[in-house]
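One structure is given below, encoded as structure tokens.
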Amino acid sequence: MRRFPAQFQEKCVTVFRSELRKNKSLERFRVSVKNGNAPGIALILLLAVLVAGCERPQFSEAEKRTIASLALNALPPLKPDTTNRYADDPGAAALGATLFFDFTLSRNGTVACSTCHQIGQQFQDGLPQGVGVARTNRRTQPLAGVAYSPWLFWDGRRDSLWAQALVPLENPLEQAGNRTAYARYVKARFGERYERIFGPLPDFSNVPANAGPLGSATEQSAWNGMSGAQHDDINRVFANIGKALAAFQRSINPKEARFDRFAAVLAAGGEPQDDAVFSPEEIQGLKLFIGKASCSTCHNGPLFTDHAFHNTGVPPVADLPPDRGRVDAVAQVDADPFNCLGAYRDGGPEACGELKFMVRDKPELIRAYKTPSLRAVAGRPPYMHAGQFGSLEEVVAHYAKAPSSVEGVSEVHPLRLSERERAALVAFLKTLSP
Amino acid sequence: MAPFWRYLIAGIGLVAVVLGVLAVVYMTAPSTPPAAAPETGQTRGSEKGMFVATFVPQDGTAKQNELQDWVLTLKTAAGKPVENATIEVSGGMPQHAHGLPTSPKMTDYLGDGRYRISGVKFSMSGWWQLKLGISAPTGSDTVVFNIVL
Ligand SMILES: [Cu+2]
């Protein structure tokens, strides 16, 4: 019985008002009002009040809880990263910021992290696939709140922000450089700053100018000619470059959105003001998002992501190499010398739970990708792991149709959504921007 | 000029309609929680009746999106602690087409038939199932726990 008022308020808009429209005796009243009869007017006013009561947007208690769980003020403070002793060191973050924008950190001196992760564009580039030294195979991910993610990349093939940063530096399609060149450059250009943070730099006089385990054939053979101690010296400096970049990226936070202002007022039981007022369409979209369309099962929490991997049946892009998502990333993260269980982690192994208990062999990993955050999503088309969809309308149409996956099994099921409901979902997604 | 009794009858009619609509709304309202609520007891008998298992989060409450340790306490039907068992964990969300986001493992024997299961994580709210495959010297059996977040 306690649920009754909320149910009534929800249902009366749809049921009660259409019922009144159909009611013949009401029609008769309208005529009588013209005759100036006081009791008639009183009755109609009474009804008007009743109907108006229905019109106020209302949420059930369960809906209110879900909405509160999505608001930015529900985001807990960032946990310390014990695998990176410098994660919250301001000096390391400052050096990381310098390196993030430094074009010299690339084979040809023209590509920095910021080439693809552009500061004025939510740290992404608006392209279907990022372009560095050459075109990559995936869309550049935005970086707001990235430090909350236990897995990095669309397929989670790295398990920390600092191990992730080392990949583009050596990827032939991105910055395309090599390990010894980076270590030597950092020593020459930022030696003093580096040593103040990380301690003394080793002597590189006998280290080849260009060598690395992932580079060209000559770079690889130069790397293989180095001693184990030299490998370790270089790897440690390389890992510290990643740790500085990670320290910087920990400060890239999501911004308050219109939705957050709406949610804050709703939670406080107040009346939204100014741009915190949601239109009926936006409210309908919000209700769909957390209700019938079950978007918030995966896009949950204040970052609108469960940080997990799902096959949602997004089609592959024709001219790109085969991409099987998470299933192929498992072996890569296990083999990464910079992973949590490797030699370059600070702190103890108890921080490595995600890697230790990683799902390694389930069919549902096929074409599974990390659920992206939806914060400020309207401002950064195209969408999905290789920019498959150009607009939010296309995204919603994809979820409504829920095509089966080219490989593996999609977890999403077709939704029966009217045109108005699709538009409402898009309208709601737009409220996740400032 | 319509006489007053006509308004009275129309008014009564309207009130009747409103009451009728209310009745319909109330009777057709969905019952919450949706679908049959699963049995979420923390102590359950295994499928073949070999063990009685109690499964609880080590720090008291199941949390969303956090790696947690759980403690499984195994007793025989007669109430004796079960020692030297190995435990395989599987599961997922019966209403969604996915399994667990992690692969939890037995990491410790705590004595008294108690086993630590580490790496348990629930990545969304809703109904989760954890299936524990138990192999003990006395035999093997399975117990299923429902967890609703
Ligand atoms: Cu689920």
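The values are calculated or read from the model by the stated rules, or taken from the named source; none is laboratory data. None of these values were measured; they are calculated from a predicted model. Counting neighbours? That spans all protein chains shown, and the Cβs are built from the backbone with ideal geometry, glycine included.
Brief remarks follow.
- A:GLU411 within 16 Å of the ligand (Cβ to nearest atom) and either within 14 Å of chain B (Cβ to nearest Cβ) or at pLDDT 95 or above (or both): yes
- Residues that are free of Cβ contacts under 8 Å to residues at least 60 places away in the same chain and under 17 Å from the mean Cα position of the chain (by Cα) within the stretch B:47-66 comprise B:THR54, B:VAL56, B:GLY60, B:THR61, B:LYS63, B:ASN65, listed in sequence order.
- Filtered residues of the stretch B:62-76 (kept if away from the ligand (no atom under 16 Å from the Cβ) and among the polar types (S, T, N, Q)): B:GLN68, B:THR73, B:THR76
- Complete set of residues in the stretch A:333-364 that are within 13 Å of chain B (Cβ to nearest Cβ) and small (Gly, Ala, Ser): A:ALA351, A:GLY353
- All positions within the stretch B:77-119 that are within 16 Å of the ligand (Cβ to nearest atom) and touching a residue at least 12 places away in the same chain (Cβ under 8 Å): B:SER90, B:GLY91, B:GLY92, B:MET93, B:PRO94, B:GLN95, B:HIS96, B:LEU100, B:PRO101, B:THR102
- The stretch B:109-149, residues that are aliphatic (A, V, I, L, M), touching a Ser or Thr at 6+ places or on another chain (Cβ under 6 Å) and within 12 Å of another protein chain (Cβ to nearest Cβ): B:MET124, B:LEU149
- Between A:HIS307, A:HIS299, the distinction of being assigned to a loop (DSSP other than H, G, I, E, B), within 16 Å of the ligand (Cβ to nearest atom), within 14 Å of chain B (Cβ to nearest Cβ) and at positive phi belongs to A:HIS307 only.
- Selection count, the stretch A:195-212, where residues are polar (S, T, N, Q) and either more than 23 Å from A:TRP223 (Cα to Cα) or in contact with a helix residue (DSSP H, G or I) (Cβ under 9 Å, 6 or more places away or on another chain) (or both): 2
- Take the conditions (1) over 28 Å from A:ILE67 (Cα atoms); (2) under 21 Å from the mean Cα position of the chain (by Cα); B:ILE147 misses just one of them, which is (1).
- Contact map, the stretch A:254-282: residues that are among the β-branched types (Val, Ile, Thr) paired with residues that are outside any helix (DSSP H, G or I), Cβ distance under 6 Å, separation 6+ or inter-chain. Pairs shown: A:VAL265/A:PRO272.
- Per-region count, the stretch A:310-332, residues more than 14 Å from chain B (Cβ to nearest Cβ) and among the β-branched types (Val, Ile, Thr): 2
- Answer residue from the stretch B:59-108, given it is surrounded by fewer than 14 Cβ atoms within 10 Å (Cβ to Cβ), in contact with a Phe, Trp or Tyr (Cβ under 9 Å, 6 or more places away or on another chain) and over 30 Å from A:ILE366 (Cβ atoms) and is nearest to the other protein chains (Cβ to nearest Cβ) among those: B:ASP108
- Every residue from the stretch A:59-79 that is among the small types (Gly, Ala, Ser), within 17 Å of the chain's Cα centre (by Cα) and within 14 Å of chain B (Cβ to nearest Cβ): A:SER69, A:ALA74
- Considering A:ALA211, A:ALA229, A:ALA244, the condition of being surrounded by 15 or more Cβ atoms within 10 Å (Cβ to Cβ) and outside any loop (DSSP other than H, G, I, E, B) is satisfied by A:ALA244 alone.
- A:GLY379 being surrounded by fewer than 18 Cβ atoms within 10 Å (Cβ to Cβ), away from chain B (no Cβ under 14 Å) and without any contact (Cβ under 8 Å) to a residue 60 or more places away in the chain: no
- The one condition from (1) surrounded by fewer than 24 Cβ atoms within 10 Å (Cβ to Cβ); (2) assigned to a helix (DSSP H, G or I) that A:ASP203 does not meet is (2).
- Check on A:ARG236, out of contact with any helix residue (DSSP H, G or I) (no Cβ under 7 Å at 6 or more places or on another chain) and either more than 14 Å from chain B (Cβ to nearest Cβ) or of a type in the set (Lys, Arg) (or both): yes
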